[in-house]
1. For a quick check of your reading of the model, give me the residue pairs whose first member lies in the stretch 315-343 and is more than 18 Å from residue 94 (Cα to Cα) and among the aromatic types (Phe, Trp, Tyr), whose second is part of a helix (DSSP H, G or I) and open to solvent by 40 Å² or more (accessible area, probe 1.4 Å), with beta-carbon atoms closer than 8 Å and at least 6 apart or on different chains.
2. Hey, can you tell me all the residues within the stretch 422-452 that are β-branched (Val, Ile, Thr) and touching a residue at least 60 places away in the same chain (Cβ under 8 Å)?
3. Quick check on the stretch 409-439: of everything there that is more than 30 Å from residue 107 (Cβ to Cβ) and part of a loop (DSSP other than H, G, I, E, B), which residue is most open to solvent (accessible area, probe 1.4 Å)?
4. Would you pick out the residues in the stretch 286-322 that are open to solvent by 20 Å² or more (accessible area, probe 1.4 Å) and in contact with a Cys (Cβ under 9 Å, 6 or more places away or on another chain)?
5. Name the single residue, out of those in the stretch 440-452 being open to solvent by 50 Å² or more (accessible area, probe 1.4 Å) and of a type outside the set (Asp, Glu), that is nearest to residue 275 (Cα to Cα).
6. Could you check the stretch 252-269 and list, in sequence order, the residues that are open to solvent by 10 Å² or more (accessible area, probe 1.4 Å), assigned to a helix (DSSP H, G or I) and under 13 Å from residue 300 (Cβ atoms)?
7. Could you identify the single residue in 296, 276, 269 that is over 23 Å from residue 419 (Cβ atoms), among the aliphatic types (A, V, I, L, M) and modelled with pLDDT of 95 or more?
8. Which numbered condition trips up residue 282, out of (1) over 20 Å from the mean Cα position of the chain (by Cα); (2) at positive phi; (3) open to solvent by less than 30 Å² (accessible area, probe 1.4 Å)?
Amino acid sequence: MSTELRRLRNYIDGEFRDAADGRTTEVVNPAIGEAYATAPLSGQPDVDAAMAAAAAAFPAWRDTTPSERQKHLLKIADAFEERAEELIAAEVENTGKPIGLTRSEEIPPMVDQIRFFAGAARMLEGRSAGEYMDGMTSIVRREPVGVCAQVAPWNYPMMMAVWKFAPAIAAGNTVVLKPSDTTPASTVLMAEIMGSILPKGVFNVVTGDRDTGRLMVEHPTPAMASITGSVRAGMQVAESASKDLKRVHLELGGKAPVVVFEDTDIAKAVEDISVAGFFNAGQDCTAATRVLVQEAIHDEFVAALAKAAAETRTGQPDDEDVLYGPLNNPNQLKQVSGFIERLPAHAKVEAGGHRVGEKGYFYAATVVSGLKQDDEIIQNEVFGPVITVQSFADEAQAVGWANGVDYALASSVWTKDHSRAMRMSKALDFGCVWINTHIPLVAEMPHGGFKKSGYGKDLSGYGFEDYTRVKHVMTSLGG
């Protein structure tokens, strides 16, 4: 007896629609490995319709006052709070995440971030008007860029949607957002909630696969393309956008170094690092995945970290004792398993290293030691609950190894020596350096990396400004 699948739909110009050609894809709950819904596999007509709606809505939305846009965003934040349990249920079905952690760790920051950008809409700053040439006064205007094509990832579908639409809409832009093909449910629900608050066409959701995303980026209407995803996807977006010189905002992969010096409180560091490495099944670009430990405490640290991993549980969303849920999809399970299967002979699996159960895509919390700087698992992003450990001799070697990867998103330093912490924060080539902590984010501070981790900032005033353009206006004082 088959169960009828729920039907998700695109949200375009204030109404829900199927794909123009009727195509759909199945959406699978990764905690059980079974489909629970279908979503439109959107093609060119659907993207055209969404872009036309966003373009038509842009002039009026652009001309709203910052205070009006703030009111709309504050209403959205309130509505998300009021319907939090519905959002949590959709996200858990999307991702298999623990229900309790989704409630406590995702809803509050999402709502806070929307409220932050609601305030940022009224706080744009710039150069003061002045006479920089005799007889002339100059002013600088900050304006929205226009229609924004946005692609969100599957690791934090709700929160990354907020990171995309909130600053864009606050700045006066209109949006066409595509969630990942594996996690569209919570984004479609967000569209329903926002639809009763925003004018039609300001926020549009188009579901589909990578080809749908490509059609959005290549479309002539958007002035900006923003993606959170893999390095490969980011490079493709940058190449496509270059053909008509779209502005591009990229938040891509990470391989965060966690540099632990010998004066560190080992017990505290292990506790915090294990959570920061295994939370969300390690499916986080900033996860504490690559630990570098000073030689004097290496063995003690590895033993403690392996013990913490062995005690870390994964399981079904309603199990209150689990830290994380499944990997997102079968391909991700295959990727994580492959890294462990291909480990070199000098590596040692200290804990985990195997799938958990046969139902769903669960993987054990894993610690691997004995690794060298050029090993595949050190250089490439695993995006799973796997923490690697290397042993370093001194500060110079730690800096060289920490910076010796293609990614440059986030990092952390663990030491009681303030001067050392300051030297390391200067030397580490990453968009964020945490000291004696790893992974906290706040709406007021920027998030974004360098090198192959992309460019542009999420969150903060910097992230808000990314969705604006600068215009110089000069007027003659001669009448």
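The values are calculated or read from the model by the stated rules, or taken from the named source; none is laboratory data. The structure displayed is predicted, hence computed values, not measured ones. Reconstructed Cβ throughout: ideal geometry from the backbone, glycine too, with neighbour counts over all protein chains shown. Remember, those area values only see protein heavy atoms, side chains included, never the ligands or the DNA or RNA. Shrake-Rupley method; radii C 1.70, N 1.55, O 1.52, S 1.80 Å.
1. These pairs meet every condition: 339/376.
2. Taking the stretch 422-452 and keeping what is β-branched (Val, Ile, Thr), we get 433, 435, 437, 439, 442.
If the condition is that a residue be β-branched (Val, Ile, Thr) and touching a residue at least 60 places away in the same chain (Cβ under 8 Å), then 437, 439 are the ones that fit.
3. 416
4. Correct list: empty.
5. 440
6. 266, 267
7. Testing whether each residue is over 23 Å from residue 419 (Cβ atoms), among the aliphatic types (A, V, I, L, M) and modelled with pLDDT of 95 or more leaves just 276.
8. (1)
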